[in-house]
Amino acid sequence: MNIWAIIPLATSIVYLVLLLFISQQAQKRANKLFAYYIGIAAFWSFSSFMLHLDGVTDSQTLLWNQILVVALVWALIAYYHFIKVYTKQKSNRGLFAGYLILIVIAVFSFSGNVVDYAEVREGLLNYSLGNSLFFIIAISLTFAAAIFIRLFKKYRASTDPIDRNRTAYLLAGWSVLVVLTLTNAIPAWRGLPLDHIGNLINAFIISYAISRFHLLNIRMVVRRGLAYAILALFIVSVSVLYVRFGYSFFEGQSMITTISVSTIFILLLVFAARPLTRLLEVNIDRLFYQTTYDVRQALLSFSDKMGNILDLDELAKELLPSVVGTLKISKTDLLFQDNQSGDFVVAYSYPEPDEEDESKFVLSPDNPIITWLDKNNNALYLDNIDNIPELTGLWQEEKKQLEKSGLGMLYPIKNRDKLVSILSLGKKESQSPYSYEDMQLLNLIGSQAGIIIENAMLYQQAETRANTDELTGLLNHRAFHERIEEEIARGSRFGGSFSLIMMDIDLFKTYNDIYGHLAGDQILRKVGRYLESCIRSIDLPFRYGGEEFAVILPEARLDDAYKVAERIRKTIESQTSSRSMPITLSLGVGNWPNDGVMKEEVIGIADDALYRAKQTGRNRTCLSSDVLKPETSLIGVELESKPRALSIIYALAATVDAKDSYTYGHSKKVSEYAVALSENLKIPQDKLNNIRAASLLHDIGKVGVPDSILNKKEPLTDEEWNPIRGHPKLGVEILRHVMDLAHCLPAILHHHEHYDGSGYPSGLKGDKIPLEARILSVADSYDAMTSPRPYREQLSMEDAVKELKRCAGKQFDPEIVDMFCDTILPKQHKRIEKK
């Protein structure tokens, strides 16, 4: 083999390797046509290789020269076809003419009317094309010029620096190939394969452009190619071993046996190929991506993982760190449109920026960048802004703001062609451009995130509407009760207090009658606005209803709340007086827990203070200390005259519930069961009141039991049982100093006594156990069984009733168990009993 045969052979091998890679990823039309050109170019070089081989006969030389002429023109037309699609040219006339000319040249060449003669002497090719040479040169120059023009226009029009560089490399490679191919027209150089040296250089330039500027996803091609190569090697190796050892095994066997075993072997290979390929792909991906593999997989399954999330905070918490880790970028932000201003502002960032960070930016709705992102479905490279005609209208200050942000790209997230969010991405840590794979991943996230984000935003808006008064924009009556209950729960669990201001616009009905309801609505809006301006950021303003407003002030004492109330009153009086009629407020202030521990108590006392302000002349603030507390109670007749006992009971019950997270609300439920049972037993009213109070306080002694024992999942030791058995006595010791609760103490002390005398603390038996304690024992045990505990699973209602019936006569009074079952499950009691 001479040197001139090696050059086209090397060129054809390079093109075939490229074709192997490209064919695995030829989904898009441009990629398919690129693969098509690479295949024809490889065929062109191979025909030249065959032409330069030693020992080829003259007739064979003539045939391969005829093939070479056709392959040369075909490669030219194939490249023109690829460039036409690459540059997005719509006209097909040149393409149609090119393939028509190719057919004509092929017909004339193989009929012997193009190549006059061809021979190889001392490794050099001597041939003559006669007058056909000028026709082929003219056609070649025409299409070569058309390719140059289209690539040059593509280069000039492109605003993407990566795209411009890629086009520049294609121009350079094509220039080298054309110049060296034209040497065939020089008689002295005609026999040398200089055109294939140009073809080889073009192959290397294309390879470089592919790897550097992502004409194809070379990493993906290599990964998949490696997986298939290993699979092919495995199948070939197994097949060789099978043939080698099977030859001796099948010797002397029947044809049916040989065919059957071979068929089974082939089927096993076929069935094993798919899972083996998947296993290879996963492990090769792990090798390529290493530390980013897991977060990349998490992003690829983004839709499955995030599909049910309707909370934007949770969505951002999952999405942004994964994006940073997968793409290896410095930062990322998620921008949403502000409902009031319409600006796109940074809502979430990862990593969290410092307080002094000046990289945050705002994009107004009329900003050319927003218009461009809304119009296009492509990412915007910020380094490329100056090259995009639509963005020439950016102010210099806006450009400086983007430069300070340190971002590399803005990616639009859309749903149904509507821009719902913007994902801003920092620059790559390696300072390299975003790869084809990166953009594919972002496209996948964008297509999935659009609908997920819009659904989360719609849910957030619906939730906001449900808790917001439409007229004033303040939280509404529903939200007021939710928030005050949250504050009470927080205060009970962690300590602390809050104050409540109730306020009402004076003579508002008269104002509406005189000036109309539209004017009245304006006043309500103004009051809401000034109310927000007079309070702290942690304070919560509400429109309670009609012309009545409220403010919850966490961690505020009564005197501090009074100062806030006066500031509100004076602001409204000075700012919202309308026409000839002044607008003023009357305000009442209460405090939790000083004025009561129940929600109704705090609201009631603040409301009474408000109406005292009304009665004493309006336009003033009254404190809870200015009025008498309400003479009503939820405990009953006996406690109605003792409001101090009511507060004591609920405060102590809240203390117990806050201590044990598993029994939170237990005391209240036990009280409800015990009262319902007592009513069915026709218990007198005075004892019923005692049972209600005792139920709320029966576990008060647990304040002395360590949390580690209360929350222990394993069985308790004898030593750990001692404080548990002692909690009834400790509860009585705590409460015996409160005279209002004296009648509740027997039930609290003996509610763990057993009917057969095996209980504690006194071992009482049968009717010697106080009736209130026997009732409380059943109610307490039933709620404990039907509630979750750290040491066991909760029971269903039916199973709990069965357990009560089983323990009747041993732990519980049988008559009380029967009555309780009739109370809690009246229709099912008999059916359960029969079982």
At R0 = 30 Å, how high is the FRET efficiency between Ala146 and Lys32 if r is their beta carbon distance? Nearest 0.05 is fine.
0.90
Determine how large the accessible area of Val597 is when every protein chain is in place; take a 1.4 Å probe and give Å² rounded to the nearest 10.
20
Could you state how much accessible area Cys807 has, in square angstrom rounded to the nearest 10, with a 1.4 Å probe and all protein chains kept in place?
20
Please give the per residue accessible area of region 448-570, computed with a probe of 1.4 Å over protein heavy atoms only, in Å².
48
Extension reserve of the Arg478-Asn387 stretch, reckoned as 0.36 nm per residue once the Cα distance is removed
27.3 nm
Over 30 Å between Cα atoms, which of Lys375/Lys404; Lys712/Lys810; Lys153/Lys399; Lys90/Lys427; Lys88/Lys418 qualify?
Lys90/Lys427
Give me the aspartates and glutamates in straight-line cross-link reach of Lys713: C-alpha distance below 18 Å, same-chain residues under 8 apart excluded.
Asp660, Glu793
Accessible-area value, His477, 1.4 Å probe, nucleic acids and ligands omitted, Å²
80
If the chain between Leu267 and Thr183 were fully extended at 0.36 nm per residue, the gain over the current Cα-Cα distance would be 24.7 nm
So, with points 7 Å from each Cα along the Cβ direction, the Leu226-Arg725 label distance in nm works out to 6.9
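The values are calculated or read from the model by the stated rules, or taken from the named source; none is laboratory data. The structure displayed is predicted, hence computed values, not measured ones. Every residue, glycine as well, gets a Cβ built from its backbone with ideal geometry; the counts of neighbours run over all protein chains shown. The accessibility values were calculated without ligands, DNA or RNA, using every heavy atom of the protein model including side chains. Shrake-Rupley method; radii C 1.70, N 1.55, O 1.52, S 1.80 Å.
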